[in-house]
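Take a look at the structure below.
The values are calculated or read from the model by the stated rules, or taken from the named source; none is laboratory data. As the structure is a prediction and not an experimental result, all values here were calculated from the model. Reconstructed Cβ throughout: ideal geometry from the backbone, glycine too, with neighbour counts over all protein chains shown.
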Amino acid sequence: MSDFGDYVLTALLAIYQERPVNRGESVFGSPRPYDRGFHVEVHDVQAGAVGQPMLGPGRPLTVRAARALATAVGKETVAEDMGLLPGRVLAVRPDGGLLWWRPAERRTLAKEGWRDAKVWFPPLLFMHKSGLSVFALAKDERPSEKTRLYQAPLWNVGNQGGVCMGSGRMADYGTARQRMEGVERAFFGTPFSHELLGGEGVRSGDLDAVWKALRGTRRKFPVRELVALEDPKTLGDLVREEGF
């Protein structure tokens, strides 16, 4: 066994092959791995009576745990089981990160301390990787690489698009459609609570006033209030910086 210094053996993975393979061949070395069904279990390593390690009972390795393990050792997991990609998807990362847009729409604004009301949201760009980032778009059309990005004029959104979800919960697994729907449901359904940019989220400097003027009306979100980003400046910049 290799010497790992201060590291302590805590668990082992046991790989069970569905059917026999040639000597020295495994599911990982096979040129056609999809022909080799296999099952993986995790065994905790426990201290034996004389100090020697003993394997505890096995439990199935979940997809979430496998992805977490791959991330921990510095390797990307492959995007799998994404299903049919909805038309609003713009890009997919090798590890399953998603980038998509949502057209301008009139929907309920959930804000702590406010009575819910219908408002027009600007077109939005969503990026879901290890967390959620949201940006605004000036034109209500499918964006291209040259499309300018703007600060999302909403509470709970930072200056690089990062979203503080508070009590909102989003699934990191499932098909692309399931994840998109889950993210949007959490984003729009969790009441917005606090402004992260101190008035810099809109050009007029008063985020509350901008949205209060729109509540209960059919006026579109004013493009003149959008604050252009400098980094990333365009959708192409974002794609390159984030590894899509």
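Overview of values
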item	result
Qualifying residue in the stretch 202-212 (condition: free of Cβ contacts under 8 Å to residues at least 12 places away in the same chain, closer than 30 Å to residue 64 by Cα and assigned to a loop (DSSP other than H, G, I, E, B))	no
Some residue of the stretch 103-119 being aromatic (Phe, Trp, Tyr), out of contact with any Leu (no Cβ under 8 Å at 6 or more places or on another chain) and either outside any loop (DSSP other than H, G, I, E, B) or surrounded by fewer than 15 Cβ atoms within 10 Å (Cβ to Cβ) (or both)	yes
Cross-chain or 6+ apart pairs with Cβ under 6 Å, the stretch 45-56 first and surrounded by 10 or more Cβ atoms within 10 Å (Cβ to Cβ), then part of a loop (DSSP other than H, G, I, E, B)	45/9; 45/10; 53/9; 54/48
Residue 130 vs. criteria out of contact with any strand residue (DSSP E or B) (no Cβ under 8 Å at 6 or more places or on another chain), more than 16 Å from residue 187 (Cα to Cα) and not charged (D, E, K, R)	no
Hits in the stretch 212-241 - residues which are surrounded by 14 or more Cβ atoms within 10 Å (Cβ to Cβ), modelled with pLDDT under 95 and either β-branched (Val, Ile, Thr) or within 24 Å of residue 130 (Cα to Cα) (or both)	232
Residue match in the stretch 202-224 (condition: under 28 Å from residue 85 (Cα atoms) and assigned by TED's automatic domain parsing to the domain that holds residue 111)	no
